[in-house]
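What follows is a short report on a single structure.
The values are calculated or read from the model by the stated rules, or taken from the named source; none is laboratory data. If you're wondering where the values come from, they're calculated on a predicted model, not measured in any experiment. Ideal geometry is used to build each Cβ from the backbone, glycine not excepted, and the neighbour counts take in all protein chains shown. Protein only, heavy atoms only, side chains kept; ligands, DNA and RNA dropped before computing areas. Shrake-Rupley method; radii C 1.70, N 1.55, O 1.52, S 1.80 Å.
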Amino acid sequence: MRLLGINLENFRNIGSLSLEFGTDRIFFLGANGQGKSNLLEAIGVCSTLRSFRGASTESMIKEGESEVRLFVRFLDDDGGDREAMIRFGKKGGKTVEVDGEPVKRLGDLLGQFPSVCLSSRDFRLVRESPSDRRKWMDLVLSSTSSKYLTALQGYYRSMKERNVLLKKKAADPEIQAFEHSLASSAQVIQQIRGELFPALDLAFEQSYAGLTNDKESAQLSYNPDCLADSTDKWLSIYEQERMRDRQVGSTRRGPHRDDFSLLLDGRDSRHYASEGQQKGIVLALRVAEFSFLKYKLGTMPLLLADDVLGELDPSRRSNFRKMLPPNAQSFATGTSFPSDKEEEIWESFRVQSGGFVPIPLSATDG
Amino acid sequence: MQALKSLPGLGYRSAEKVALHLIVENPKASTGLVDRLTQATEALGPCHTCGNLAENQLCSLCASDERDSSQLCIVEGVTDLFAMERAGIFRGLYHVLHGKLAPVRGVGPEKLNLISLENRLEDGKVKEVILALGNDMEGEATCHYLNQEIFGKREIQVTRIGFGLPSGGGVTYADEVTLRSALDGRKSM
């Protein structure tokens, strides 16, 4: 799919902006702190309602303003026009409309306008805590399976209730009442993770091999916190753990503790890979995400590259290009073009203090 | 106005509208309303048996001898009972819980209308209990709790109302969650 245009109001440092895009490669050029990443963030919000920077909704509202408005127009892969409108304000509450129809649930937006974002924060996926990896996995799986999203939301809600009961030392039957919905959600979550993970892993292995010209191999390995293959088995796990859970005042075990490892030649890349290899692994993970979304949704995602293309060495950069379908629309930012030769291939905008001005091709010729 | 705003279903604007109407536009209506509210609060209270609104100790349903006392339908609120009665499809008796289990909001079993529920099951007249609670997570948990703690100990048939497509509605416009429960609850022909 392709983004044809975006209108923004009061998004971070961007007061009011209306941009049209005519090509597949768009570059936002400008010094730090001018608003390049903010625009990518806004595009990302249209596909997942979340900031890829992990920022809260409120922090994306321009200072002194009360409401953000985003309007995007897409061309889908079948040539049809699609549009989405998103509004959110200080008081909370988001309004989403897709093609003029109000959308009530996150699940109805997720996966409609897929995007994959590369940013310098990505190294967290290798180096940081399991919760970063889980967030990534949950978002990818939720975008491709509404059943997964429903189960995940149900799981966290039931767990919240159960934890309140554990903390206030409620009687067993009351806690049990909430373990039923916890167990049935856990069953669905783990089943889908078990089904979809192999496909993600395959995409990951292929992309890492492609990135390194088959010199190195990397795998994703799913590490469930505990394994159960039926709702009844989950029920007995929560039953068994209840005593200890009571002491801690929270649910200690379950899919909310699952993790996966990124293995480089069979060893955990968190400890055994060099910084350069870790960068490659993260990049391969994003490429895998891209192909997985494309395969599952049947839609070409947008690629958002926040200040990362310039950081890759030339051979990785050209391999990276080769792995993505040539007609994938990419939006990139940087303080300069990734390389001198690249000025002409981009449709570019100069970014300054939240303003975006197209750079005519002729101006970059000299 | 603040007092009006705190009522369920009224936001800032509607509260403002109602307040203006009662004070400026139609002050007569406001005295009438106050009288009626006073009368209603004095006359009505919860039915001692089922929790429905009642003018006496028992509500009209519990007092009636035309209802089938072997069937008991459990509902969350009085409005649910009204909805069932409007439909006129159920001839048994009701029991209103006045809520559902929601620990995060501080609602535990002690806040639900359960003691009178156990009392009315004592004499063994009730043969079937129909759980007509919503199919959200709290409704689900409440059903499990009641089944385990109250009905499980007795010889009572426990059923739960089905969930699925609204009648007259086609498959096309149903959302996925509804379709899933409709499929789960399919019947053989």
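The charge dipole of chain A, taken about its Cα centre with unit charges on the Cβ of Lys, Arg, Asp and Glu (plus for the first two, minus for the last two), comes to roughly 1260 debye. What is the percent carbon and sulfur in the accessible area of the protein assembly as shown, measuring with a 1.4 Å probe over the protein chains and ignoring ligands? Solvent-exposed carbon and sulfur of the protein assembly as shown make up 50 percent of the total.
Label-to-label distance for A:Val357 and B:Glu16 is 4.3 nm, based on points extended 7 Å past Cα in the beta-carbon direction. The shape of the stretch B:53-188 can be summarised by an equivalent ellipsoid whose semi-axes, obtained from the alpha carbon gyration tensor, come to 26, 19, 16 Å from longest to shortest.
Estimated purely from DSSP H runs of n ≥ 4, each contributing -39500 (n - 2.57), the mean residue ellipticity at 222 nm for chain A is -14000 deg cm²/dmol once divided by its residues. Counting, for every residue in A:158-166, the Cβ atoms of other protein chains within 10 Å of its Cβ and taking the mean gives 3.
Extension gain for the segment A:Glu347 to A:Arg253, taken as residue separation times 0.36 nm less the Cα-Cα distance, is 28.9 nm to one decimal.
The relative contact order of chain A comes to 25 percent, based on Cα pairs under 8 Å that sit 6 or more residues apart.
Looking at chain B, the DSSP beta bridges with both ends there are about 20 percent antiparallel. Taking every DSSP bridge with both residues inside chain A, close to 70 percent are antiparallel.
Once R0 is set to 56 Å, what does the formula 1/(1 + (r/R0)^6) return for the Cβ-Cβ distance between B:Leu7 and A:Asp229, expressed as a FRET efficiency to the nearest 0.05? Computed FRET efficiency for B:Leu7 and A:Asp229 comes out at 0.65. Rg ratio for the stretch A:1-93: its Cα radius of gyration over 2.2 N^0.38 Å, N being its residue count, equals 1.08. Listed by chain and number, the lysines placed with their C-alpha closer than 28 angstrom to that of A:Lys147 are A:Lys94, A:Lys104, A:Lys135, A:Lys160, A:Lys233, A:Lys294, A:Lys296, B:Lys100, B:Lys187; residues fewer than eight positions away on the same chain are left out. Annotation: the stretch A:17-62 has a Kirkwood hydrodynamic radius of 12.0 angstrom, from the mean reciprocal C-alpha pair distance. Distance between Cα centroids, the stretch A:73-140 to the stretch A:236-279: provide it in whole Å. Each part's Cα centre sits 26 Å from the other's. Distance between the 7 Å Cα→Cβ label points at B:Phe163 and A:Glu97: 3.1 nm. Of the trypsin sites (Lys or Arg not before Pro) found in the stretch B:1-102, those that fall in a DSSP loop while having at most 12 other beta-carbon atoms within 10 Å are B:Arg91. Here the stretch B:82-120 is scanned for amide nitrogen atoms under 13 Å from the site 7 Å beyond the Cα of B:Ser69 along Cα-to-Cβ, giving B:93-94, B:120.
Annotation for A:Glu239 and B:Asp184: the two label points, set 7 Å from Cα along the Cα-Cβ direction, are 2.0 nm apart. Rolling a 1.4 Å sphere over the protein heavy atoms, what is the accessible area per residue of chain A, to the nearest Å²? For chain A, the solvent-accessible area averages 44 Å² per residue.
Assuming charge only on the beta carbon of Lys and Arg (+1) and of Asp and Glu (-1), the dipole of the stretch A:95-214 about its Cα centre is about 640 debye to the nearest 20. For chain A, the equivalent ellipsoid derived from the alpha-carbon gyration tensor has semi-axes of 38, 26, 18 Å in decreasing order.
Local charge for B:Tyr12 was computed over the other residues whose Cβ lies under 14 Å away, with Lys and Arg +1 and Asp and Glu -1, and equals +3.
Relative to its Kirkwood radius, the Cα radius of gyration of the stretch A:122-298 gives an Rg/Rh of 1.04. The alpha-carbon positions of the stretch B:2-43 define a convex hull whose volume is 67 Å³ per residue.
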